[in-house]
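K.L.:
The following block contains the structure, expressed as structure tokens.
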Amino acid sequence: MKRRFALGIRAKLLAASSVFLLIPWLGYAYMSELERFLREAQQQKLAGTAQAVATALHERPSLFERPGADLATASEARGDDDLDPTAPPLLPAPPRYAARPGSNAEIEQILAGLARSTARIWVVDRNLRVLAVAGGLRRAPGEPERDPSALGSIWSFVESRLLAPVYHLVLTQPREDFAEELPAEAVGRFREVQRALTGIPSNGRRSTPDERAVIVSAAHPIWVALEVRGAVVVEETTNAVLAERNRAFERLFSLVLAVLLVGSLALFVFASRLSGRIRRLRDGAEAAIDAHGRVTGKLQPSTAADEVGDLSRSFAAALDRLGEYAAYHKAMGSRLSHELRTPIAVVRTSLENLAEAPLASESRVYIERAREGIDRLGHILASMSEATRLEHLLREAERERFDLARVVSGCVAGYRGVYPARRFDLRLPEGAPTVLGAPELVAQMLDKLVANAVDFGRAEAPIVIRLARTETETTLTVANEGPPLPDEMRGRLFESMVSVRPARAGGAPHLGLGLYIVRLIAEFHGGRASASNREDVEGVVVKVSFPPEPFYAD
């Protein structure tokens, strides 16, 4: 039968714990939502900054009356035809953080107090002239936080060597080597600037010229006497949002990974302990019952209060009940044999007295039948008593070292006298194989084997009795020529009350105890008994294997 592939408890628990791998994916989805929230917060922050700067510049017409560069004239001279048709052409912006031609020093001073390190602020008038610029978009590199503990150092090593490459593959990493220079005339192309100059605060989003970063911006109008005189544009990259999202995801993923590792280890330890307890319960149950179904020991119940403990106690109670039931059946044979001997003796005596009395010939036929029945019943009781006595004898028998070949030779010499019409072929090895056990029991076992071979063997064929010895075992075989073993009986031949003899009217009954006794004696000597069909001729060979010499060491 093909064995099915099966997973153990540890493998099943580990497989079940794999569902926790969904947590990182859920964390990634959560981080994506967090990123969207941070971007919205960033947009609101930039809009608030733009409004605050615009509020500082409201109702100050003097800031917009100073001369500035006429961007339209220069733009027309260059032929800028790719600008927004609704916006006038622009001139290039002056260098960053320097005094610019046409720039307003007062606005520059106001922006200096409001500018942030990672944001750039533009102030343009309604003619799209750049009045002032402050700030920058690049972030200064920071030192990573370090855990001074030994455990923190180990985890930092794991994160930097193992997890960081995974993070870089999965997450978009912010870059600070982008091009932040922007021509002044490009400000007028921004949709949010054009809307702010119409009086509508607006937000925008675009990539840097080298596509290495994303810039978000907010524009707010500057009012003077209910008239829009300019606009404030605040720009910032999304690198801070990306960095914050990545840090949050890395911390979450690292925490989840640590929990998964610890949880998986805990599950593995728990499953190992659980499977170990179940395995010990299995081994105890198998040790309490031998290969033939006899209860030979007790199962020590567990004191644990869980389900495995309940199962252990149930197994122990069931084995105790089975042992009691088996003992009851064993004792029943002895009791029946003892109780039936007296009634059988009475019936046999009565039949003998009737046989001596003058009776009609037809009545004597029934007396003979009754006598045969009583003889058969007596034979059955004798066989049952023999098996019962042998089981008790095996428990109390003393062992001695004896020459197995000498015992076998003596028995075969006796068989030639008991069965003069049969031939016996004895084959012995060189040397004297010794066995630690009971020689009278081995002789009784051989008697059963030879009687079986005589009953089933052909009269003209010899019965081969062979004793052999190897480094691993000593074997005693009895072979005869005759009918082969039925296939359905090969595995049950040495069980109690099993026989392959055909029923014969008037013949002596056979309870199938002969080979059962052979098996008991073989097991007493630490061996085993088996039967198979012969390969050279048609017939059966019964083999009893004894363990090697070291098994019998004193």
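K.L.:
Of the residues E460, E481, E473, which is open to solvent by 30 Å² or more (accessible area, probe 1.4 Å) and under 50 Å from the mean Cα position of the chain (by Cα)?
P.N.:
E473 is the lone residue from the list that is open to solvent by 30 Å² or more (accessible area, probe 1.4 Å) and under 50 Å from the mean Cα position of the chain (by Cα).
K.L.:
Follow-up question, since we're still on this one. From (1) out of contact with any helix residue (DSSP H, G or I) (no Cβ under 8 Å at 6 or more places or on another chain); (2) surrounded by 15 or more Cβ atoms within 10 Å (Cβ to Cβ); (3) not aromatic (F, W, Y), pick out the condition that doesn't hold for S385.
P.N.:
The number of the failed condition is (1).
K.L.:
Suppose we filter L265, L260 for residues that are loosely packed, with under 14 Cβ neighbours inside 10 Å and either among the β-branched types (V, I, T) or on the phi < 0 side of the Ramachandran plot (or both); which single one remains?
P.N.:
Numbers: L260 fails: loosely packed, with under 14 Cβ neighbours inside 10 Å.
Sole residue among the options that is loosely packed, with under 14 Cβ neighbours inside 10 Å and either among the β-branched types (V, I, T) or on the phi < 0 side of the Ramachandran plot (or both): L265.
K.L.:
Something else now. Counting just the residues of segment 281-297 that are closer than 22 Å to G526 by Cβ and of a type in the set (D, E, K, R), which one comes out most open to solvent (accessible area, probe 1.4 Å)?
P.N.:
In this case the residue turns out to be E286.
K.L.:
Looking for whichever is closer than 30 Å to A327 by Cα, modelled with pLDDT under 80, basic (K, R) and open to solvent by 40 Å² or more (accessible area, probe 1.4 Å) here; the options are R364, R376, R399. Which one fits?
P.N.:
None of the other options fit; the residue is R376.
K.L.:
What are the residues in segment 163-221 that are in contact with a strand residue (DSSP E or B) (Cβ under 9 Å, 6 or more places away or on another chain), basic (K, R) and not in a helix (DSSP H, G or I), if any?
P.N.:
R205, R206
K.L.:
The conditions are (1) of a type outside the set (D, E); (2) at pLDDT below 85; (3) surrounded by fewer than 17 Cβ atoms within 10 Å (Cβ to Cβ), and I278 fails exactly one of them. Which is it?
P.N.:
Going through the list (1) of a type outside the set (D, E); (2) at pLDDT below 85; (3) surrounded by fewer than 17 Cβ atoms within 10 Å (Cβ to Cβ), I278 breaks only (2).
K.L.:
Restricting segment 223-251 to residues that are open to solvent by 60 Å² or more (accessible area, probe 1.4 Å) and touching a residue at least 40 places away in the same chain (Cβ under 8 Å), which is farthest from L197 (Cα to Cα)?
P.N.:
Taking segment 223-251 as the starting set, the residues that turn out to be open to solvent by 60 Å² or more (accessible area, probe 1.4 Å) are 223, 225-227, 244, 247, 251.
Narrowing further to those that are touching a residue at least 40 places away in the same chain (Cβ under 8 Å): 223, 225, 244.
Working: W223: 10, A225: 15, E244: 33 Å.
Result: E244.
K.L.:
Could you tell me how many of the residues in segment 311-329 are open to solvent by 60 Å² or more (accessible area, probe 1.4 Å) and over 17 Å from E286 (Cα atoms)?
P.N.:
4
K.L.:
Suppose we filter segment 9-37 for residues that are over 28 Å from the mean Cα position of the chain (by Cα), open to solvent by less than 40 Å² (accessible area, probe 1.4 Å) and not acidic (D, E); how many remain?
P.N.:
Summing the residues that are over 28 Å from the mean Cα position of the chain (by Cα), open to solvent by less than 40 Å² (accessible area, probe 1.4 Å) and not acidic (D, E) in segment 9-37 gives 1.
K.L.:
Would you be able to say whether some residue in segment 422-430 is crowded, with 17+ Cβ neighbours inside 10 Å and at pLDDT below 90?
P.N.:
no
K.L.:
Among the residues of segment 298-310, write down those that are closer than 14 Å to D283 by Cβ and open to solvent by 80 Å² or more (accessible area, probe 1.4 Å).
P.N.:
Correct list: K298, Q300.
K.L.:
Please verify whether segment 367-390 includes one or more residues that are more than 28 Å from E495 (Cα to Cα), among the small types (G, A, S) and touching a residue at least 12 places away in the same chain (Cβ under 8 Å).
P.N.:
Yes, segment 367-390 has at least one match.
K.L.:
Write out, first by first residue and then by second, each pair whose Cβ atoms fall under 6 Å of each other, whose residues are 6+ apart or on separate chains, and whose first residue, in segment 304-315, is touching a residue at least 24 places away in the same chain (Cβ under 8 Å) while the second is small (G, A, S) and not in a helix (DSSP H, G or I).
P.N.:
As it stands, the answer is S312/S302, since those pairs meet every condition given.
K.L.:
If G48 satisfies all but one of (1) open to solvent by 50 Å² or more (accessible area, probe 1.4 Å); (2) modelled with pLDDT of 90 or more; (3) not hydrophobic (A, V, I, L, M, F, W, C), what's the number of the condition it fails?
P.N.:
Result: G48 fails condition (1) only.
K.L.:
Same structure, new question: Counting only residues that are among the polar types (S, T, N, Q) and over 60 Å from the mean Cα position of the chain (by Cα), which one in segment 189-234 is nearest to R36 (Cα to Cα)?
P.N.:
Taking segment 189-234 and keeping what is among the polar types (S, T, N, Q), we get 194, 198, 202-203, 207-208, 217.
Within this subset, residues satisfying the condition of being over 60 Å from the mean Cα position of the chain (by Cα) are 194, 198.
On the way: Q194: 26, T198: 29 Å.
Top of the filtered list is Q194.
K.L.:
Still on this model: Looking for something within 20 Å of V542 (Cβ to Cβ), touching a helix residue (DSSP H, G or I) at 6+ places or on another chain (Cβ under 7 Å), not in a loop (DSSP other than H, G, I, E, B) and not hydrophobic (A, V, I, L, M, F, W, C) - is there at least one such residue anywhere in segment 417-424?
P.N.:
Within segment 417-424, not a single residue is within 20 Å of V542 (Cβ to Cβ), touching a helix residue (DSSP H, G or I) at 6+ places or on another chain (Cβ under 7 Å), not in a loop (DSSP other than H, G, I, E, B) and not hydrophobic (A, V, I, L, M, F, W, C).
K.L.:
Let me ask something else. Do we have E76 as open to solvent by 80 Å² or more (accessible area, probe 1.4 Å), over 21 Å from A186 (Cα atoms) and either modelled with pLDDT under 50 or not β-branched (V, I, T) (or both) here?
P.N.:
No, not satisfied.
K.L.:
Could I ask something else about it? For segment 437-543, give me every one of the strands (runs of 3 or more DSSP E) that falls completely inside it and has 3 or more residues that are closer than 22 Å to A421 by Cα and modelled with pLDDT of 90 or more.
P.N.:
Output list reads 463-469, 474-481.
The values are calculated or read from the model by the stated rules, or taken from the named source; none is laboratory data. All values derive from a computational prediction rather than experimental measurement. Glycine also receives a Cβ, built like all others from the backbone with ideal geometry; neighbour counts cover every protein chain displayed. Accessible surface areas use protein heavy atoms only, side chains included; no ligands, DNA or RNA. Shrake-Rupley method; radii C 1.70, N 1.55, O 1.52, S 1.80 Å.
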